[in-house]
1. Among Gly199, Gly104, Gly328, which one shows the biggest mean-square fluctuation in a GNM of the chain, springs joining Cα atoms closer than 10 Å?
2. What residues have an amide H closer than 5 Å to that of Asp278, excluding those fewer than 5 places away on the same chain, when H is modeled at 1.01 Å from N in the peptide plane?
3. Based on DSSP H runs of at least 4 residues, each adding -39500 (n - 2.57), what is the mean residue ellipticity at 222 nm of the chain after dividing by all its residues, to the nearest 500 deg cm²/dmol?
4. From the backbone phi of the range 341-358, what are the Karplus-calculated ³J(HN,Hα) couplings (6.51 cos²θ - 1.76 cosθ + 1.60, θ = phi - 60°) in whole Hz, Gly and Pro given as x?
5. Please give the per residue accessible area of the chain, computed with a probe of 1.4 Å over protein heavy atoms only, in Å².
6. Given contacts defined as C-alpha pairs under 8 Å and at least six residues apart, what's the relative contact order of the chain, whole-number percent?
7. Are there chymotrypsin sites (Phe, Trp or Tyr not before Pro) in the range 280-329 that DSSP puts in a loop and that have at most 11 other Cβ atoms within 10 Å, and which ones?
8. Using a 1.4 angstrom probe on heavy atoms only, work out the carbon and sulfur share of the accessible area of the chain in %.
Amino acid sequence: MIVEKLKEMQQFFGLKVTGKPDAETLEIMEKPRCGVPDSGDFMLTPGNPKWEHTDLTYRIRNYPSSLAESDVETAIKKAFQVWSGASPLTFTRIFKEKADIEIGFVMRDHGDNSPFDGPNGILAHAFQPGQGIGGDAHFDEEETWTTTSQNYNLFLVAAHEFGHSLGLSHSSDAGALMYPTYAFSDPSTYLLPQDDINGIQAIYGPSSNPIKPTGPSTPTACDPKLTFDAVTTLRGEIFFFKDKYFWRRHPQLRSVQLNFISLFWPFLANGIQAAYEDFDRDLVFLFKGNQYWALNGYDIQKGYPRHISEYGFPTSIQAIDAAVFYRGKIHFFVNNQFWRYDSERQFMEPGYPKSTASTFHGIESSKVDAVFHQDHVFIFFSGSRYYAFDLNTRRVIRVGRSNKWLNCR
């Protein structure tokens, strides 16, 4: 039975299906997550339960000790608005009689056969539409609930749980709100992803809004038009950045994982534009606009972000397209040119910028989106293609689709 459940979970998360608790599986299991099981139909709850009326009520039965009552009320209200904006549903708060959706902050064994496990681990759970406990949402009182990126943002967790209260099950789309693991997104700019919009409308029909609600879609690894914002190595792995996500490729694992940037670095900006690994100092540098950050593993170093002018760029340069570290030198690519920085002596070398095309013969595009190196080869990404440039023979030795690096055929 345990083996079968592990297999279901591995298949759901796109891992190698072994039925064994290997390193990848254990890593997923350790992430903060929702307490609703992951098996079954991962869009609509099995049996397709739904509310027969669209004017739903909710009641907040009590409050957590870690958050002001007004902050809880605001977060809960906004979490319901996420769903009402994409569907014909409305949500009204009531204070005395029983509501359709009862909301409580409880701990450990609280009488519903789904005990909480203390701080971290299972954050909350909710029940599918129906009578009695149906639709109710329970949050672990022992978590530290916040309105920020610290610990667990109540708005984000509540919006996910209310999806269950309305009849949605977990989605296998890593960018969906209904994906089972927690990742921070800024509530002030939050938009319900398209996968979740499709799900709620499959149950209750389209929104009555005159403007059709649309949301962001998760990038697809095997999209032939896929482009990367930045690529870097990190202690033997390769990270491919795209919007607010990155794919993580491990040399000894077949599957390539898609994650939110915020899941690993909550304080890091989305839309990273360039990155490189400094092997001599065991640091990874990430660039966005005129700022850059230094990471040691998964820890952002103190004193960052800093301004890219510290490298010696002229004031006209306000963003980097791509960067790569090789033998103590950093190549910075901007438009159709590149600079070279001496990392040991910490100065920009004279004679730059130079033309990318004239130095790296065979790179057809004038603009490099991303670059990293393996052995004595620079892997350039431009648009949906990559070019492998041999630094010894000074020529392109291989060209292919960018998503080949994500194990796409």
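1. It is Gly328.
2. Leu283, Val284, Phe285
3. Details: 7 runs with 66 residues, N = 409.
Computed mean residue ellipticity for the chain: -4500 deg cm²/dmol.
4. Per residue, the Karplus-derived 3J(HN,Hα) values read 10, 8, 5, 6, 8, 6, 8, 6, 5, x, x, 10, x, 10, 6, 5, 5, 6 Hz.
5. On the way: 18970 Å² over 409 residues.
The answer is 46 Å² per residue.
6. Working: 855 pairs, mean separation 44.7, N = 409.
Contact order relative to length: 11 percent.
7. Details: sites: Phe285, Phe287, Tyr292, Trp293, Tyr298, Tyr311, Phe325, Tyr326; in loops: Tyr298.
When the chymotrypsin sites (Phe, Trp or Tyr not before Pro) of the range 280-329 are filtered for loop state and at most 11 Cβ neighbours within 10 Å, Tyr298 remain.
8. Details: 9340 of 18970 Å².
With neighbouring chains kept in place, the figure for the chain is 49 percent.
The values are calculated or read from the model by the stated rules, or taken from the named source; none is laboratory data. These figures come from a predicted structure and were not determined experimentally. Every residue, glycine as well, gets a Cβ built from its backbone with ideal geometry; the counts of neighbours run over all protein chains shown. For the accessible areas, the whole protein counts, side chains as well, though only heavy atoms, and no ligand, DNA or RNA atoms are used. Shrake-Rupley method; radii C 1.70, N 1.55, O 1.52, S 1.80 Å.
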